[in-house]
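Below is one structure, written out as structure tokens, with a few remarks after it.
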């Protein structure tokens, strides 16, 4: 009725300006008349007036359509689109819209104009596994109650945002407690997070929701419309980026909404046992002794499409590396996902698209929980390494044999310190000989374990004798009387302590002796520390002893009546002992980084060269640089060459070395 009178009014208004219909005379010219502003009721109550040049038109509100009279009338969606609520929902038309009421067991997640889809609340049922963390059981109970409340409009239920906060609080506690250690628990945890996001995503009100807690970060995108969305969707957290299309998110059926979620876990790590299981797919890597570790956060990608085992097009995930490291001959990245059926990290269906030192891009044909796996390949025993090792060890064995003969039969240097050097050389000689002959005997598991045990014992013995040398120097400088050590005590420390360590280690973890590549100590369960821990203790103790010794020497040198000859000899003893500590202890501690699987090729060469030449360096320090030993070598050479006249040796006549003959050089001091 209002529109009719407005039209009649417009027909009979006088036009004094001479302008055409829809225009008015303004400032001596005809301009467009905004009919929508002059007559707000032109289109009625259920339409919007839209002004155009010289005219206007009416646009009906949603839920209305224009009839033949030009007025907007209500659309009966329930009649025109019988499947608007789905096959398991009842449609109720009302003025300007409709609402869906879902059958028992179905829900539209609170959006009354969306199709009703099936709700499987049993997936949040109680977990029957005994070792399941209690917090995970509580989380599942909360999700089940929230799921069941969606079927009962009269029942109070948490909003999507509140439920997401509660879920993340529970995951934070689980990750902080560190209770996710085995494949079964990890599988339950990741499955619970994925199902919770399917429950929560459709209930979120904002188009994009981002939530971050102490150990969990998530970003969720939600689209609601009568027509399926299209285009690309990108989600990101602090450690990963997820990119796909809305067509993949929607899938084959569109209930009136779609969502995509990306969840990142800050402190979720995977045990070495779970990482090693990937070798089932890579038997060649297992034979080569390849080890694995994750170099990214674990993320879970979830979409509203329920069919994600084989996507029509791959999705892209870009991970930020935990450790900035570029690929090399000894390391390679691969994209893996958590296989819920096999309970292992697997690479099937995922391939590496691109990688650098900071990021890796993965292309995957399915959705799950993903991460970047770093495969560490042991450096191969090249011809150069083998040659350097064998030549160096042969040279060290020859030099150690000369050291043993010298310390045993050179009468001018006999004493407690010489006995210590003798047994140190014997231990290192046997260790190098066994290393040269049996380090690669991995074909026999039992024999390889025996070789590793022998090496463990004699290398520890070397450091125990070195500890005794530091103790002897301390007694020589600090104690005035009884500066010698009893041989029984020396044998208990030099051979007894290593034997106790080896026995305890063998009983605790017998499989730790021998690896797939070498007959040495395994890295599993930190078994290598049964060698490195005693080595570090000896190095630290000797370091303190040498500092005290040097301090005492300085005080003796500054005294009024110092015995210069004795003090100088102790000083020389101390210098050679410190050098020996650096040679034997420093090279092994330097090699600790190699055993931690972070060694480079340069470090490997340095480690092998220094360790294979230890015997030669000991021979140089204790024999060639010792004046009494050089004198004995010279006399021996003269006796072996009787046709040459024995030359006078100034040092032998003017400076007689300290002799033991009943008392040692140390006791004279």
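The values are calculated or read from the model by the stated rules, or taken from the named source; none is laboratory data. Source: prediction; values computed, not measured. Glycine also receives a Cβ, built like all others from the backbone with ideal geometry; neighbour counts cover every protein chain displayed.
Laid out as a table, the results:
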{"read-out": "Hits in region 68-81 (condition: under 24 Å from residue 49 (Cα atoms) and either in a loop (DSSP other than H, G, I, E, B) or touching a helix residue (DSSP H, G or I) at 6+ places or on another chain (Cβ under 8 Å) (or both))", "value": "68, 69, 70, 71, 75, 76"}
{"read-out": "Residue, surrounded by the most Cβ atoms within 10 Å (Cβ to Cβ), within region 82-104, restricted to residues that are touching a helix residue (DSSP H, G or I) at 6+ places or on another chain (Cβ under 8 Å) and free of Cβ contacts under 8 Å to residues at least 24 places away in the same chain", "value": "91"}
{"read-out": "Test: residue 433 is assigned by TED's automatic domain parsing to the domain that holds residue 491, buried (at least 22 other Cβ atoms within 10 Å of the Cβ) and modelled with pLDDT of 90 or more", "value": "no"}
{"read-out": "Flag if residue 51 is modelled with pLDDT of 85 or more and closer than 24 Å to residue 254 by Cβ", "value": "no"}
{"read-out": "Scan of region 400-416 for residues that are assigned to a helix (DSSP H, G or I) and within 14 Å of residue 629 (Cα to Cα), ordered by number", "value": "402, 403, 404, 405, 406, 407, 408, 409, 411, 412, 413"}
{"read-out": "Subset of region 382-393 that is loosely packed, with under 15 Cβ neighbours inside 10 Å and either under 30 Å from the mean Cα position of the chain (by Cα) or closer than 28 Å to residue 425 by Cβ (or both) - its residue that is modelled with the lowest pLDDT", "value": "382"}
{"read-out": "Residues within region 114-154 that are surrounded by fewer than 18 Cβ atoms within 10 Å (Cβ to Cβ), at pLDDT 80 or above and closer than 29 Å to residue 74 by Cβ, tallied", "value": "0"}
{"read-out": "Residues (farther than 30 Å from residue 18 by Cα and either in a loop (DSSP other than H, G, I, E, B) or out of contact with any strand residue (DSSP E or B) (no Cβ under 6 Å at 6 or more places or on another chain) (or both)) located in region 32-67", "value": "45, 46, 61, 62, 63, 65, 67"}
{"read-out": "Members of region 611-669 that are over 30 Å from residue 389 (Cβ atoms), assigned to a helix (DSSP H, G or I) and at pLDDT 50 or above", "value": "627, 628, 630, 631, 632, 634, 635, 636, 637, 638, 639, 640"}
{"read-out": "Condition met for residue 460 (assigned to a helix (DSSP H, G or I), outside the structural domain of residue 332 (by TED's automatic domain parsing), out of contact with any strand residue (DSSP E or B) (no Cβ under 6 Å at 6 or more places or on another chain) and buried (at least 20 other Cβ atoms within 10 Å of the Cβ))", "value": "yes"}
{"read-out": "Single residue of 302, 336 found to be in a strand (DSSP E or B), within 15 Å of residue 351 (Cα to Cα) and touching a helix residue (DSSP H, G or I) at 6+ places or on another chain (Cβ under 9 Å)", "value": "336"}
{"read-out": "Selection status of residue 187, within 23 Å of residue 133 (Cα to Cα), assigned to a helix (DSSP H, G or I), in contact (Cβ under 8 Å) with a residue 60 or more places away in the chain and in contact with a helix residue (DSSP H, G or I) (Cβ under 7 Å, 6 or more places away or on another chain)", "value": "no"}
{"read-out": "Residue that is within 26 Å of residue 93 (Cβ to Cβ), in contact with a helix residue (DSSP H, G or I) (Cβ under 8 Å, 6 or more places away or on another chain) and either modelled with pLDDT under 85 or surrounded by fewer than 13 Cβ atoms within 10 Å (Cβ to Cβ) (or both), where the choices are 22, 63", "value": "63"}
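Each row is one residue, and each column tells you yes or no for (1) in contact with a helix residue (DSSP H, G or I) (Cβ under 6 Å, 6 or more places away or on another chain); (2) crowded, with 18+ Cβ neighbours inside 10 Å; (3) modelled with pLDDT of 65 or more.
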| residue | (1), (2), (3) |
| --- | --- |
| 533 | no, no, yes |
| 543 | no, no, yes |
| 546 | yes, yes, yes |
| 550 | no, no, yes |
| 554 | no, no, yes |
| 558 | no, no, no |
| 566 | no, no, no |
| 574 | yes, yes, no |
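Residue-by-condition table, conditions (1) within 14 Å of the chain's Cα centre (by Cα); (2) over 27 Å from residue 232 (Cβ atoms); (3) surrounded by fewer than 16 Cβ atoms within 10 Å (Cβ to Cβ); (4) at pLDDT 85 or above:
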site: 317; (1), (2), (3), (4): no, no, no, yes
site: 349; (1), (2), (3), (4): no, no, no, yes
site: 353; (1), (2), (3), (4): no, no, yes, yes
site: 370; (1), (2), (3), (4): yes, no, no, yes
